[in-house]
Amino acid sequence: MKKTILFLSFVALTGSLFAQKKTTTSATVKFDASTSLDNLPKAENKTVIAALNTTTGSLAFEAAVKNFAFSNPMMQGHFNGTTWLDSDKFPTFTYKGNITDLSAVNFSKDGTYTVKTEGVITIKGLEQKLATPATIVIKEGAITASTDFTIKLADFGITGAPIDGGKVAKEPKINVTVELK
């Protein structure tokens with residue numbers, strides 16, 4: 001009897017721990033490096049893997065570089081090429097971080113919460129610290145999180161004539177949107 005109770009307690013505890021980690025394979029990352037000279041350097045990736053642990057506040061995402069879609073195929077070739085993201089050598093970019101003010105969110109109550117996040121973004125094997133605000137919306141148990149930030153391309157070894165000539169922004173805008181259920 002004691003073993004049965006212990007086993008059932010373990011199963012219940014394990015189930016509640018797993019319920020705290022929310023994941024998706026359809027988060028979206030938008031990349032916008034457009035300038036007044038060129039409106040084409042925009043891309044979107046709708047197959048991003050993302051995870052959020054509502055107990056610890058840890059969060060992460062991973063985007064396959066080749067899954068970014070541009071309206072111009074030539075731009076897509078440059079983006080994946082060796083002078084840009086070199087997707088053959090570095091097939092993904094990642095972010096791993098935490099919500100620093102997790103107590104600001106009540107995951108069991110519908111509402112909109114603004115939080116701060118801190119972590120490390122890795123692009124082309126190079127890491128940079130990233131601190132950015134994020135918005136978390138809780139509605140009927142579903143969680144939507146989004147953030148906007150910029151990166152400096154030079155910090156990740158991404159340079160070249162289009163950037164120097166003003167056709168590609170030196171600090172592109174990035175938007176990440178995640179829907180978790």
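Here, each number is a calculation from the coordinates, and none is a lab measurement. On a predicted model such as this, the values are computed, not experimentally measured, just so you know. For neighbour counting, all protein chains shown are included, and Cβ atoms are generated from backbone atoms with ideal geometry for every residue, glycine included.
Listing for the model above:
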| item | result |
| --- | --- |
| Acute angle (nearest 10 degrees) that the helix 2-18 long axis makes with the longest principal axis of the chain, alpha-carbon atoms | 30 degrees |
| Computed over region 17-152, the ratio Rg/Rh where both radii use C-alpha atoms and Rh is Kirkwood | 1.00 |
| Spin-label proximity, Thr55 to region 109-131 - amide N less than 19 Å from point 7 Å beyond Cα toward beta carbon | 109 |
| Estimated vicinal HN-Hα couplings, Hz - region 162-174 in sequence order (Karplus 6.51, -1.76, 1.60; Gly, Pro = x) | x, 6, 4, x, x, 7, 10, 5, 5, 10, x, 8, 10 |
| Cα-based convex hull, region 34-85, per residue volume (Å³, whole number) | 109 Å³ |
| Relative contact order (percent, whole number), the chain, Cα cutoff 8 Å, 6+ residue spacing | 22 percent |
| Extension gain from Asp86 to Thr150, taking 0.36 nm per residue of separation minus the Cα-Cα distance | 21.1 nm |
